[in-house]
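Below: the structure, in structure tokens.
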Amino acid sequence: QVQLVESGGGLVQAGGSLRLSCAASGSIFSINAMGWYRQAPGKQRELVAAITSGGSTNYADSVKGRFTISRDNAKNTVYLQMNSLKPEDTAVYYCNADLRPVVSRVVSDYWGQGTQVTVSS
């Protein structure tokens with residue numbers, strides 16, 4: 001059974017920082033891209049940042065220069081360092097991984113349970 005477990009969310013004042021972590025566990029054969037999405041109340045889920053297994057990154061325009069995504073392939077873990085946080089960054093943040101379990105030949109999307117990030121003004 002493959003699981004993605006997020007940690008690091010919380011409440012922070014505007015201008016502050018948080019670091020999110022997401023660890024993939026279980027019988028995993030390989031992981032391709034990993035990323036972070038967020039969903040604010042009444043809005044659609046949107047991509048925040050993504051990183052390939054080779055380290056190439058992609059960011060939403062709204063977070064460029066403030067957020068940094070990284071990963072530790074040996075630990076099957078992806079991180080999101082969030083600096084200069086704004087109230088509009090408030091959302092539930094979800095980890096996503098494009099991976100192949102050991103028991104399958106199919107690469108599929110897996111999601112974490114979500115972690116709340118709240119930025120007060």
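Computed values, structure above
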| quantity | calculated |
| --- | --- |
| Among the residues listed as SER21, SER70, SER62, SER56, the single one being modelled with pLDDT of 95 or more, under 19 Å from THR115 (Cα atoms), of a type in the set (S, T, N, Q) and open to solvent by 40 Å² or more (accessible area, probe 1.4 Å) | SER70 |
| Positions within region 1-22 being part of a loop (DSSP other than H, G, I, E, B) and under 17 Å from the mean Cα position of the chain (by Cα), in sequence order | VAL2, GLY8, GLY9, SER17 |
| Unmet criterion (only one of (1) out of contact with any Lys or Arg (no Cβ under 9 Å at 6 or more places or on another chain); (2) open to solvent by less than 50 Å² (accessible area, probe 1.4 Å)) for ASP109 | (2) |
| Residue match in region 76-97 (condition: surrounded by fewer than 14 Cβ atoms within 10 Å (Cβ to Cβ) and farther than 21 Å from VAL12 by Cα) | no |
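Here is a yes/no grid of residues against (1) in contact with an Asp or Glu (Cβ under 8 Å, 6 or more places away or on another chain); (2) in contact (Cβ under 8 Å) with a residue 40 or more places away in the chain:
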| residue | (1), (2) |
| --- | --- |
| ALA49 | no, no |
| GLY55 | no, no |
| ALA60 | yes, no |
| ILE69 | no, no |
| MET82 | yes, yes |
| GLY114 | yes, yes |
| SER121 | no, yes |
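The values are calculated or read from the model by the stated rules, or taken from the named source; none is laboratory data. Since we're looking at a predicted model, the values are computed, not measured. Note: ideal-geometry Cβ built from the backbone for every residue, glycine included; neighbour counts use all protein chains shown. In case anyone asks, the SASA skips ligands and DNA or RNA and just uses the protein heavy atoms, side chains included. Shrake-Rupley method; radii C 1.70, N 1.55, O 1.52, S 1.80 Å.
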